[in-house]
Amino acid sequence: MKKIAILNGPNLDRLGKREPEIYGRATLADLEAALRAEFGGQAQLEFFQSNHEGALIDRIAALADAKIDGLVLNGGALTHTSVALRDALLGSHLPAVEVHISNLYRREEFRHTSLTAPACLAVISGLGLEGYHAAIRFLLKR
């Protein structure tokens with residue numbers, strides 16, 4: 001059974017409360033339950049969320065050392081600002097998929113650039129929470 005980690009960055013703990021017109025009304029716990037329901041028999045899923053860049057970087061290093069099979073990352077705003085997060089992804093050599101709930105290209109200009117995308121196999125943007133499901137399906141087929 002493949003091991004896949006799902007990492008969520010800043011403010012994603014506020015899903016369901018923060019800007020529901022953009023991110024929807026489902027919570028992070030709702031997302032985790034839906035992913036476990038769909039993939040529980042196919043993959044061992046591990047979830048981690050932090051509002052702190054260093055905690056995400058530490059978690060990526062630990063996952064690389066544990067030799068997991070794939071990583072789904074929604075880095076939140078760090079996607080657009082963090083060279084350190086990009087370096088952690090590149091250094092981990094983990095197959096990663098970057099996910100964004102909203103369509104970044106329908107939002108502010110500064111969100112159109114992802115520093116972390118080049119360290120990932122794929123980027124999914126604008127599918128809502130379904131993007132996480134698509135990312136896991138993709139990683140399971142690798």
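General remarks:
- Cβ-Cβ under 7 Å pairs, at least 6 apart or on other chains, the stretch 2-17 side under 18 Å from Leu45 (Cβ atoms), far side aromatic (Phe, Trp, Tyr) and modelled with pLDDT under 95: Leu15/Tyr23
- Residue in the stretch 3-26 that is closer than 18 Å to Gly128 by Cβ, of a type in the set (Val, Ile, Thr), surrounded by fewer than 16 Cβ atoms within 10 Å (Cβ to Cβ) and more than 14 Å from the chain's Cα centre (by Cα) present: yes
- Across the stretch 34-68, the qualifying residues are those that are of a type in the set (Asp, Glu) and surrounded by fewer than 17 Cβ atoms within 10 Å (Cβ to Cβ), and the one among them that is farthest from the chain's Cα centre (by Cα) is Asp65.
- Looking only at the stretch 17-53, residues that are modelled with pLDDT of 95 or more, closer than 24 Å to Leu104 by Cα and not charged (D, E, K, R) come to 13 in all.
- Applying the criterion of being out of contact with any His (no Cβ under 7 Å at 6 or more places or on another chain) and at pLDDT 95 or above to the residues of the stretch 102-123, the residue that is surrounded by the fewest Cβ atoms within 10 Å (Cβ to Cβ) is Pro118.
Yes/no per residue for (1) hydrophobic (A, V, I, L, M, F, W, C); (2) more than 25 Å from Lys141 (Cβ to Cβ):
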{"position": "Gly16", "(1), (2)": "no, yes"}
{"position": "Ile22", "(1), (2)": "yes, yes"}
{"position": "Ala29", "(1), (2)": "yes, yes"}
{"position": "Ala33", "(1), (2)": "yes, no"}
{"position": "Arg36", "(1), (2)": "no, no"}
{"position": "Gly40", "(1), (2)": "no, no"}
{"position": "Gln49", "(1), (2)": "no, yes"}
{"position": "Ala61", "(1), (2)": "yes, yes"}
{"position": "Ala64", "(1), (2)": "yes, no"}
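The values are calculated or read from the model by the stated rules, or taken from the named source; none is laboratory data. Keep in mind the model is a prediction, meaning the values are calculated, not measured. Note that we place each Cβ from the backbone using ideal geometry, even for glycine, and neighbour counts take in every protein chain shown.
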